[in-house]
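Below is one structure; the comments refer to it alone.
The values are calculated or read from the model by the stated rules, or taken from the named source; none is laboratory data. All of these numbers come straight from a predicted model, not from anything done at the bench. Positions of Cβ are generated from backbone atoms using ideal geometry, with glycine treated the same way; all protein chains shown enter the neighbour counts. For the accessible areas, the whole protein counts, side chains as well, though only heavy atoms, and no ligand, DNA or RNA atoms are used. Shrake-Rupley method; radii C 1.70, N 1.55, O 1.52, S 1.80 Å.
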Amino acid sequence: MLPCSEACERNKAPILKVLKEVFAASKFVLEIGSGTGQHAVYFAANLPHLIWQPSDQPGALDWVTDRLRLEGPENANMPLALDVRNHPWDVSADSVFSANTLHIMSWQEVEQFFLRVDEVLQQPGRLCVYGPFRYDGVYTSESNARFDQSLRAQDKKMGIRSFEEVDNLARESGLSLIADYPMPANNQILVWQR
Ligand SMILES: C[S@@+](CC[C@H](N)C(=O)[O-])C[C@H]1O[C@@H](n2cnc3c(N)ncnc32)[C@H](O)[C@@H]1O
């Protein structure tokens, strides 16, 4: 049986609503950290005007590969082995999407993420990131503060990222923030454009 993330089942419809707007003119979306592949098959099926390219670290590809084999619509490519620490990424895209990855990666990996996005993103291009963030050092909810504590207790490299620090990396990669959507369960969708 394929693994199923309940969070993905809950968040995929609200995220899709935003992606329909943000990726309306996109042709090729590279997803970083596809995990179970639930987002990949759902977004590809509901955004038939574009190609969805999932990816994950080489050791984490089985779930998304199996799901695509069983459920993948025609416009979802088989996943790429892509670790943000390795470069160059052998792909080019007009859009990049990533959900719930920046708080799992170390800060160094987050830096690599933005450097590599700068390399692969075409002009014009959009980057869309879903997940929890802190603003001016303040959590958007008490539950996010507890979540951050539990992440850092599991592994000190993980943690909810500061919006301002992430936005600085994006600017250094030539990206400008064009939208910040508050999402259910105290998450955000941040959209940058070049
Ligand atoms: C919490 S899961 C999120 C999965 C999926 N995007 C979702 O929203 O359910 C974090 C994902 O980030 C991926 N990831 C962590 N470090 C990574 C790295 N260095 N390069 C690429 N992906 C990474 C993990 O393999 C995992 O699939």
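Determine which single condition SER55 fails, assuming it passes every other condition in (1) in contact with a Pro (Cβ under 7 Å, 6 or more places away or on another chain); (2) surrounded by 18 or more Cβ atoms within 10 Å (Cβ to Cβ); (3) closer than 24 Å to ARG171 by Cβ.
Going through (1) in contact with a Pro (Cβ under 7 Å, 6 or more places away or on another chain); (2) surrounded by 18 or more Cβ atoms within 10 Å (Cβ to Cβ); (3) closer than 24 Å to ARG171 by Cβ one by one, SER55 breaks only (3).
If ALA60 meets every condition in (1) small (Gly, Ala, Ser); (2) within 16 Å of the ligand (Cβ to nearest atom); (3) surrounded by fewer than 19 Cβ atoms within 10 Å (Cβ to Cβ); (4) within 18 Å of GLN193 (Cα to Cα) apart from one, which number is that one?
(4) is the only condition that ALA60 fails.
Quick one: which residue in GLN149, GLN112 is out of contact with any strand residue (DSSP E or B) (no Cβ under 9 Å at 6 or more places or on another chain), over 17 Å from ALA60 (Cβ atoms) and of a type in the set (S, T, N, Q)?
Values: GLN112 fails: over 17 Å from ALA60 (Cβ atoms).
On inspection, the qualifying residue turns out to be GLN149.
Say we look at the stretch 135-194 and pick out the residues that are basic (Lys, Arg) and not in a strand (DSSP E or B); which of these is surrounded by the most Cβ atoms within 10 Å (Cβ to Cβ)?
Ranking the candidates gives ARG194 first.
Residues are listed down the side, and each one gets a yes or a no for (1) touching a Ser or Thr at 6+ places or on another chain (Cβ under 9 Å); (2) closer than 21 Å to LEU19 by Cβ:
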| site | (1), (2) |
| --- | --- |
| LEU80 | yes, yes |
| SER92 | no, yes |
| SER95 | yes, yes |
| HIS103 | no, yes |
| PHE114 | yes, yes |
| GLY125 | yes, yes |
| VAL129 | yes, yes |
| ARG134 | yes, no |
| VAL166 | no, yes |
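For the stretch 17-33, name all the residues that are open to solvent by less than 10 Å² (accessible area, probe 1.4 Å) and within 13 Å of the chain's Cα centre (by Cα).
Answer for the stretch 17-33, where residues must be open to solvent by less than 10 Å² (accessible area, probe 1.4 Å) and within 13 Å of the chain's Cα centre (by Cα): LEU19, VAL29, LEU30, GLU31, ILE32.
So which pairs qualify, if the first residue must be in the stretch 109-127 and touching a residue at least 24 places away in the same chain (Cβ under 8 Å) and among the β-branched types (Val, Ile, Thr), the second must be surrounded by fewer than 17 Cβ atoms within 10 Å (Cβ to Cβ) and part of a helix (DSSP H, G or I), the Cβ gap must be under 9 Å, and the two must be at least 6 apart or on different chains?
VAL110/GLU165
Please go through the stretch 54-106 and give me each residue that is farther than 20 Å from ALA7 by Cβ, of a type outside the set (A, V, I, L, M, F, W, C) and part of a helix (DSSP H, G or I), ordered by number.
PRO58, GLY59, THR65, ARG69
If we keep just the residues of the stretch 110-125 that are in contact with a Lys or Arg (Cβ under 8 Å, 6 or more places away or on another chain) and part of a strand (DSSP E or B), which is most open to solvent (accessible area, probe 1.4 Å)?
GLN123
For residues that are more than 14 Å from the chain's Cα centre (by Cα) and either open to solvent by 30 Å² or more (accessible area, probe 1.4 Å) or within 14 Å of the ligand (Cβ to nearest atom) (or both), tally how many sit in the stretch 74-109.
17
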